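The values are calculated or read from the model by the stated rules, or taken from the named source; none is laboratory data. All values derive from a computational prediction rather than experimental measurement. Methodologically, a virtual Cβ is constructed for each residue, glycine included, from the backbone with ideal geometry; neighbour enumeration extends over all protein chains shown. Note: accessible area is taken over every heavy atom of the protein model, side chains too, but ligands, DNA and RNA are not part of it. Shrake-Rupley method; radii C 1.70, N 1.55, O 1.52, S 1.80 Å.
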Amino acid sequence: MKRLIALLVIFVSIHISATEPPKVKLWGTVCDAGGTPLENVVVCISGTTTGTVSSAKGNYQLNLPPGKYNIAAVSLGYITFEKEVILNSSTRLNIILQPSNTEIDQVDVLAKSKSQIIRESALSVNALDLKQTVSTTNNLAAIVGQTNGINIRTNGGEGADFDLSVNGLAGNSVRYFIDGRPMASLGNGTSLANLPVSTIDRVEIYKGVVPVNLGADALGGAINVVTKKECKNFIDASYSIGSFNTHRADVNGQFLTGENGLVIRPSFAFNHSDNDYMMHNIEVWNSATKEFENRSLRRFHDKYTSYLGRIEAGVTNRKWADEFLVTVNATQADKQLQTGSIQSVVYGNATRKSDSQSAGFIYKKNNLIINGLSADIYYTHTEDKRVVADTVFRKYRWDGSYIESSRNEITGRGKSLRTTRRPLDAAGATFTQRINPANSLVLNYSLNSVKNKLTDSYDSDFEPSDDKFSKHIAGLSYNSEWFDGRLNAMVFTKYYHSRLSVKQNELYWITGSDEQKGTSTTNNYGGGAGLRYKITEAFSAKASMEHSVRLPLAREFLGNGTTIYPNFKLKPESSNNINAGVFGTFVISAQNRFNYEINGFIRDVDDYIRLKVSESDGMSQYQNVNSVNVKGVEAELKYTFNNTLDIATNFSYLHELSKTRFQDNGKPDITYNNRMPNRPWLFANMNAAYSFHNVFGGEANRLMLMCDLRYVHWFYLTWEGYGALKSKSTIPTQFVTNAAISYRWKRDTYSLTVSSSNIFDRIVYDNYMLQKPGRSIDIKFRILINNL
């Protein structure tokens, strides 16, 4: 924290030293009616050539002599804004543009959203706009899991661990960010599943090739959650109640002051669930018949409660900073543990409690020192703590009964009260030099340093440890556009450096701590390129490739202190990733539009890191697989009719094979050319929504009916080369239907949504045959108060 305080003092000093006598300036932000910043809006003095253009964040500034001016703001697709302003001193004027419904010579102007612009970049990327779904959903992970090429698998209900795959590469191969900063800096209690949905503007999903500005060593891709940056005061609150005693609440807002540019953005989220859903076909001992029988029983030790608080406060649109924010975060989560990695191992007393606090700053400035140079700098220090209590010698059954034993529930050893503290420092800087409107350079550096401090207040024989893992990543990218933007090209290079310091000795025969004790370093290089060419709106082609390196995470090296053993012998993954595809939009009429996208991809991975689970005790460990090859294809089709009907469907096919020919002892490996186990290889989604406008006597009121279908083809639970065909374990084909009805009124001030997941109450499985919740009902109410 001392480093953070020092940095804050430096920036305050810069602010004080930069103070000059006030100048007469006109400045502010340009937004649409919904509060979204608008880029490239012309703000000028009517009847003159004096003016400027709004930035990507909607900011503009004019330096003018004192006097009276008629200010105009003009943008295609919006009604021209005009206002008379008298300038005697610096004045802030926020501009809100209203959409224009006027047809000009029967030509329809279709403005592209930020999400659409990102999708049309040279990289393979999905961009999800959440503006229309924020009132109808509680879980961001569920939305992301329905998109093209993405598969999310959970280990149970609320609070359960989940695994996200992008084009076949999953788990820690995918990195997570919030506004371009690592999500891990918010603490281990923060994930896609519990982020407040109402704070999010869009989600960017990069597949295989990750842009330099994220500063990631991702192998499979990256998820970047972009929060709302609106130029208005507002409060947004929602509450939902559902099956299994599930409650969710979140409140967020923004408060802007006048000329001093002060901004405050608080947010809070609460989640709770008993997770007492039914488990079917569970094997339970019948003492009367003296034999095991299959029954349906409820989960009895799986409650989950979490709190998340965050506040951003600072200034915007100052001479020395376009944005300077201090951020403070806190999370807390309490979780009863019901099972390990497989549901045949049942817990009835073990618990996990975690909490984290973090503080940091964000600094952004355009035209830093020289014209065209922009800077985006951040630093966060996080204190993470997790306590796992495993203090009884019992063996539980699914009916809640137990027998006394000589071992604890999770690890099968002595009683323990294990505390894991992981202080984390995350920092990064991105500098972008705009050479001209068509060419730019991007330089990025990121640092991630985490310590692993283990103690046990119950087990007197446990030896405390203090390990440390840090990584430095640097990248340089050149981006260029040609032929009026029809051709977009980029080329980049990356450097990866890691340093691991191991001090612990526990279970050295499993973790390899005796071989790796001390300090070791790695140095790796990568790079790639991307190209997109637009022939017409109906047809564009893109391709990208990257030689990528992924350094193991602290979780993989150091375990989780309970069900995952450390493995200090892990090696970094490396992969050659290739994407190629076509996409386009067919505008049949002003009311009918088709969007399509088809992509093929190859991932050729060396030293693939995979979580290996022991079916006997539910313990696991991350291990390297020498070589894995992934090939696949994905496709998506969307249809929109008159802002009333939206239909989207997508499918993904993966051919993910082990290419390890020989075992370490030189013998042939039976898994050679086997599909990777416990991985779906064919899945599809279909979503439909129909809207009724101006219903129930209110203008702008809206009633929406929604339905989505999820199909997952059967797949092998373990290596298909093991055992006889009849005895092979498989996860069966699954087909799940969800539905919802939502009503919004008073121009989206209020909304009420009733939704049902798994409405046909099918038995749904996931990682290692873990059952997920059956049918559930959820009711959500939201209120949005604008322009406070």
Take R119 and tell me if it is open to solvent by 10 Å² or more (accessible area, probe 1.4 Å), under 11 Å from the mean Cα position of the chain (by Cα) and among the basic types (K, R).
no
Residues in the stretch 277-294: is at least one in contact with a Phe, Trp or Tyr (Cβ under 8 Å, 6 or more places away or on another chain), touching a residue at least 24 places away in the same chain (Cβ under 8 Å) and not in a strand (DSSP E or B)?
yes
Residue set Y608, Y596; condition in a strand (DSSP E or B), over 25 Å from E556 (Cα atoms), out of contact with any helix residue (DSSP H, G or I) (no Cβ under 7 Å at 6 or more places or on another chain) and aromatic (F, W, Y); output residue Y596
Within the stretch 210-265, residues without any contact (Cβ under 8 Å) to a residue 60 or more places away in the chain and part of a loop (DSSP other than H, G, I, E, B) come out as N245, T257, N260
For R394, the lone unmet condition from (1) more than 25 Å from the chain's Cα centre (by Cα); (2) open to solvent by 30 Å² or more (accessible area, probe 1.4 Å); (3) over 26 Å from D276 (Cβ atoms); (4) without any contact (Cβ under 8 Å) to a residue 60 or more places away in the chain is (3)
Picking from I223, I152, the residue that is in contact with a helix residue (DSSP H, G or I) (Cβ under 8 Å, 6 or more places away or on another chain) and surrounded by fewer than 23 Cβ atoms within 10 Å (Cβ to Cβ) would be I152
Expected single match for under 23 Å from the mean Cα position of the chain (by Cα), at pLDDT 90 or above and among the hydrophobic types (A, V, I, L, M, F, W, C) among L645, L654 is L654
Residues of the stretch 542-553 being assigned to a strand (DSSP E or B) and open to solvent by less than 40 Å² (accessible area, probe 1.4 Å), in sequence order, are K542, S544, E546, S548, V549, R550
Might you check whether a residue that is touching a strand residue (DSSP E or B) at 6+ places or on another chain (Cβ under 6 Å), open to solvent by 60 Å² or more (accessible area, probe 1.4 Å), without any contact (Cβ under 8 Å) to a residue 40 or more places away in the chain and of a type outside the set (V, I, T) occurs anywhere in the stretch 622-635?
yes
Tell me which residues, restricted to the stretch 357-367, are modelled with pLDDT of 95 or more and more than 20 Å from D179 (Cα to Cα).
none
In the stretch 268-290, what residues are open to solvent by 20 Å² or more (accessible area, probe 1.4 Å) and within 22 Å of the chain's Cα centre (by Cα)?
F268, F270, H272
One residue from S589, S520, S575 being among the small types (G, A, S), modelled with pLDDT under 90 and not in a strand (DSSP E or B)
S589
Criterion (within 27 Å of the chain's Cα centre (by Cα) and open to solvent by 20 Å² or more (accessible area, probe 1.4 Å)) met by exactly one of Y711, Y690:
Y711
Test K638 against the stated conditions and say whether it is under 23 Å from I602 (Cα atoms) and surrounded by fewer than 20 Cβ atoms within 10 Å (Cβ to Cβ).
no
Given the conditions (1) within 30 Å of N329 (Cβ to Cβ); (2) open to solvent by less than 30 Å² (accessible area, probe 1.4 Å), and given that K303 satisfies all but one, which numbered condition is not satisfied?
(2)
Strands (runs of 3 or more DSSP E) wholly in the stretch 1-67 with at least 3 residues that are open to solvent by less than 80 Å² (accessible area, probe 1.4 Å), modelled with pLDDT of 70 or more and of a type outside the set (G, A, S) - which ones?
25-32, 42-45, 59-63
Given the conditions (1) at pLDDT below 90; (2) open to solvent by less than 80 Å² (accessible area, probe 1.4 Å), report the number of the one that P437 does not fulfil.
(2)
Based on this model, can you work out whether Y608 counts as modelled with pLDDT under 90 and of a type outside the set (V, I, T)?
yes
Take the residues of the stretch 765-788 that are of a type in the set (K, R) and open to solvent by 50 Å² or more (accessible area, probe 1.4 Å): which is modelled with the highest pLDDT?
R775
For the stretch 149-209, give me every one of the strands (runs of 3 or more DSSP E) that falls completely inside it and has 2 or more residues that are at pLDDT 85 or above, of a type in the set (F, W, Y) and in contact with a Leu (Cβ under 8 Å, 6 or more places away or on another chain).
174-178
Any hit, the stretch 475-495, residues being farther than 17 Å from A218 by Cα, part of a loop (DSSP other than H, G, I, E, B), at pLDDT 80 or above and open to solvent by less than 60 Å² (accessible area, probe 1.4 Å)
yes
Pairs needed: first member in the stretch 482-496, under 21 Å from S446 (Cα atoms); second member anywhere, open to solvent by 30 Å² or more (accessible area, probe 1.4 Å) and among the polar types (S, T, N, Q); C-beta distance under 8 Å; at least 6 residues apart or different chains.
M490/N479; Y495/N523; Y495/N524; Y496/T522; Y496/N523; Y496/N524
Test each condition in (1) over 30 Å from L297 (Cβ atoms); (2) open to solvent by 70 Å² or more (accessible area, probe 1.4 Å); (3) at pLDDT 90 or above for V442 and report the one that comes out false.
(2)
Step by step: first the residues of the stretch 652-680, then only those that are touching a residue at least 40 places away in the same chain (Cβ under 8 Å) and among the hydrophobic types (A, V, I, L, M, F, W, C), then the one that is most open to solvent (accessible area, probe 1.4 Å). Which residue is that?
I670
Index of the failed condition, I410 passing every other in (1) under 19 Å from S354 (Cβ atoms); (2) free of Cβ contacts under 8 Å to residues at least 12 places away in the same chain; (3) not hydroxyl-bearing (S, T, Y)
(2)
The correct count of residues that are open to solvent by less than 50 Å² (accessible area, probe 1.4 Å) and basic (K, R) in the stretch 740-764 is 1
Hey, can you tell me all the residues within the stretch 592-606 that are surrounded by fewer than 18 Cβ atoms within 10 Å (Cβ to Cβ) and of a type in the set (D, E)?
D604, D606
Count, please, the residues in the stretch 349-390 that happen to be of a type in the set (S, T, N, Q), touching a strand residue (DSSP E or B) at 6+ places or on another chain (Cβ under 6 Å) and open to solvent by 20 Å² or more (accessible area, probe 1.4 Å).
4
